[in-house]
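Reviewing the structure listed below.
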Amino acid sequence: MRSDPLGTPPALDEKTTATLSSIATATLTTVLLKKGLRNVWLRGTRPLTPGQKRLVGPAFTLRFVPAREDLATPESWSSPVSTRAAIEAMPSGCIAVVDAMGITDAGIFGDILCARMKVRGVAALVTDGVVRDLAGVLDTGLPVWCKGAAAPPSVAGLTFVNWQQPIGCGGVAVFPDDVVVVDDDGAVVIPRALLNDVVEAAAEQEKLEAWIMDEVKAGTPLPGLYPPNAETKARYETFRNERTKAMK
């Protein structure tokens, strides 16, 4: 049997999910950078189709290693340690994050596996690899972030080894406790321990940048505005206080 030391990641509360769903991954990377985390954007995880909506969920991790001929076989798909078994362990609302080592000539999942994930309520699939059966995958309606598509199956280039353990995806360390946010700019990982601080700071950053955008449209020059100097910050605080009073 496989070891599962980290278990199933805890679900996110509705308020946190709603707040993060309104915050761009670009903003999140800036907030995380201010907290000292530079490597949080998963390289190669692009939306499979344009216009996929922003999604938020706890990471459910899967890991592949290079193919080894005695293990990477079609028969391995029936093993207790297989992508099929991993999918049956995925909780509703999770985002499956798959370490495929950036390999682009072997599709990790096809239409049937993606359809099962969709039925189980998986929010999205994120990988630094590729999928196969592209038309069928798109037809399932499962949102996917990846490097594209390839016809060969996973065992042509990869060996599946485990799920719900720390992985590296797109050059980023991802743990089952982490929170993943995906949008048109790709996928960003938020360490669970920093979640509350990041959500609070990112929500405020979005409000500030919305105000700055209005200032730009009104003709305000960028120096001193973005990033804001002391005078600009004071003007923003006045605006925010007046808005708060108006809402009461």
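Does V137 count as in contact (Cβ under 8 Å) with a residue 40 or more places away in the chain and in a loop (DSSP other than H, G, I, E, B)?
Values: in contact (Cβ under 8 Å) with a residue 40 or more places away in the chain: yes; in a loop (DSSP other than H, G, I, E, B): no.
In short, no.
Which one is surrounded by the most Cβ atoms within 10 Å (Cβ to Cβ) among residues in region 179-206 that are within 13 Å of V31 (Cα to Cα) and charged (D, E, K, R)? Steps first, answer last, please.
We begin by selecting, within region 179-206, every residue within 13 Å of V31 (Cα to Cα); these are 188-191, 194-206.
Pick out the ones that are also charged (D, E, K, R) and you get 197, 200, 204, 206.
Working: D197: 12, E200: 12, E204: 12, E206: 17.
So the residue we want is E206.
Mind counting the residues in region 125-134 that are surrounded by fewer than 22 Cβ atoms within 10 Å (Cβ to Cβ) and over 8 Å from D111 (Cα atoms)? Spell out the reasoning first.
From region 125-134, those surrounded by fewer than 22 Cβ atoms within 10 Å (Cβ to Cβ) are 132-134; that's our starting set.
Narrowing the set further to residues that are over 8 Å from D111 (Cα atoms) leaves none.
Of the residues in region 125-134, 0 are surrounded by fewer than 22 Cβ atoms within 10 Å (Cβ to Cβ) and over 8 Å from D111 (Cα atoms).
Scan region 94-107 residue by residue and report those that are buried (at least 19 other Cβ atoms within 10 Å of the Cβ) and either over 17 Å from G148 (Cα atoms) or over 17 Å from the mean Cα position of the chain (by Cα) (or both).
C94, I95, I103, A106, G107
Are any residues in region 153-175 assigned to a strand (DSSP E or B) and hydrophobic (A, V, I, L, M, F, W, C), and if so, which ones?
Residues of region 153-175 assigned to a strand (DSSP E or B): 153, 158-163, 167-169, 172-174.
Selection gives L158, F160, V161, W163, I167, C169, V172, A173, V174.
Where the second residue is open to solvent by 80 Å² or more (accessible area, probe 1.4 Å) and modelled with pLDDT of 90 or more and the first is closer than 16 Å to E204 by Cβ and assigned to a helix (DSSP H, G or I) and lies in region 227-245, which pairs have Cβ atoms under 8 Å and are six or more apart or on separate chains?
Once the first residue is closer than 16 Å to E204 by Cβ and assigned to a helix (DSSP H, G or I) and sits in region 227-245, its partners that are open to solvent by 80 Å² or more (accessible area, probe 1.4 Å) and modelled with pLDDT of 90 or more give R240/K207.
Looking only at residues in region 73-93 that are under 17 Å from the mean Cα position of the chain (by Cα) and within 19 Å of V174 (Cβ to Cβ), which one is surrounded by the fewest Cβ atoms within 10 Å (Cβ to Cβ)? It would help to see each step written out before you state the result.
Keep residues of region 73-93 that are under 17 Å from the mean Cα position of the chain (by Cα), which gives 90-93.
Applying the additional criterion that residues be within 19 Å of V174 (Cβ to Cβ) yields 90-91, 93.
Numbers: M90: 21, P91: 15, G93: 18.
Applying the filter and picking the extreme gives P91.
Considering (1) part of a loop (DSSP other than H, G, I, E, B); (2) open to solvent by less than 50 Å² (accessible area, probe 1.4 Å); (3) over 26 Å from R120 (Cα atoms), say which one D70 fails and leave the rest.
Result: D70 fails condition (2) only.
Exactly one of (1) under 16 Å from the mean Cα position of the chain (by Cα); (2) open to solvent by less than 30 Å² (accessible area, probe 1.4 Å); (3) of a type outside the set (K, R) is unmet by V155. Its number?
Condition (1) is where V155 drops out.
For region 112-132, indicate whether the set of residues that are acidic (D, E) and part of a helix (DSSP H, G or I) is non-empty. Step through it out loud before you land on a result.
Taking region 112-132 and keeping what is acidic (D, E), we get 128.
With part of a helix (DSSP H, G or I) added as a condition, the list becomes none.
Looking for residues that are acidic (D, E) and part of a helix (DSSP H, G or I), one finds none in region 112-132, hence no.
Quick one: how many residues across region 49-67 are within 13 Å of the chain's Cα centre (by Cα) and either surrounded by 21 or more Cβ atoms within 10 Å (Cβ to Cβ) or under 17 Å from V98 (Cα atoms) (or both)? I'd like the intermediate steps shown before the answer.
Filtering region 49-67 down to residues within 13 Å of the chain's Cα centre (by Cα) leaves 52-61.
With either surrounded by 21 or more Cβ atoms within 10 Å (Cβ to Cβ) or under 17 Å from V98 (Cα atoms) (or both) added as a condition, the list becomes 55-61.
So the count comes out to 7.
Might you let me know whether region 202-222 holds any residue that is in contact (Cβ under 8 Å) with a residue 12 or more places away in the chain and of a type in the set (G, A, S)?
Checked against the condition, which is being in contact (Cβ under 8 Å) with a residue 12 or more places away in the chain and of a type in the set (G, A, S), region 202-222 yields at least one hit.
Select, from R68, R63, the only residue that is of a type outside the set (F, W, Y) and either modelled with pLDDT under 95 or closer than 15 Å to V181 by Cβ (or both).
On the way: R63 fails: either modelled with pLDDT under 95 or closer than 15 Å to V181 by Cβ (or both).
Result of the check over R68, R63: R68.
Being over 22 Å from R132 (Cα atoms) and assigned to a strand (DSSP E or B) narrows it down to one of V56, V65, V97, so name that one.
Details: V65 fails: over 22 Å from R132 (Cα atoms); V97 fails: over 22 Å from R132 (Cα atoms).
Among V56, V65, V97, only V56 is over 22 Å from R132 (Cα atoms) and assigned to a strand (DSSP E or B).
Among residues belonging to region 20-44 that are assigned to a loop (DSSP other than H, G, I, E, B) and without any contact (Cβ under 8 Å) to a residue 24 or more places away in the chain, point out the one that is farthest from the chain's Cα centre (by Cα).
Going residue by residue through region 20-44, those that are assigned to a loop (DSSP other than H, G, I, E, B) are 21-24, 35-40, 43-44.
Retained after the next criterion (residues that are without any contact (Cβ under 8 Å) to a residue 24 or more places away in the chain): 36, 38.
On the way: G36: 19, R38: 16 Å.
Out of the qualifying residues, it is G36.
The values are calculated or read from the model by the stated rules, or taken from the named source; none is laboratory data. Every value quoted in this text rests on a predicted model; they were computed, and no experiment measured them. We place every Cβ from the backbone using ideal geometry, glycine too, and count neighbours over all the protein chains shown. Please note that ligands, DNA and RNA were not included when accessible areas were found on the heavy atoms of the full protein model with its side chains. Shrake-Rupley method; radii C 1.70, N 1.55, O 1.52, S 1.80 Å.
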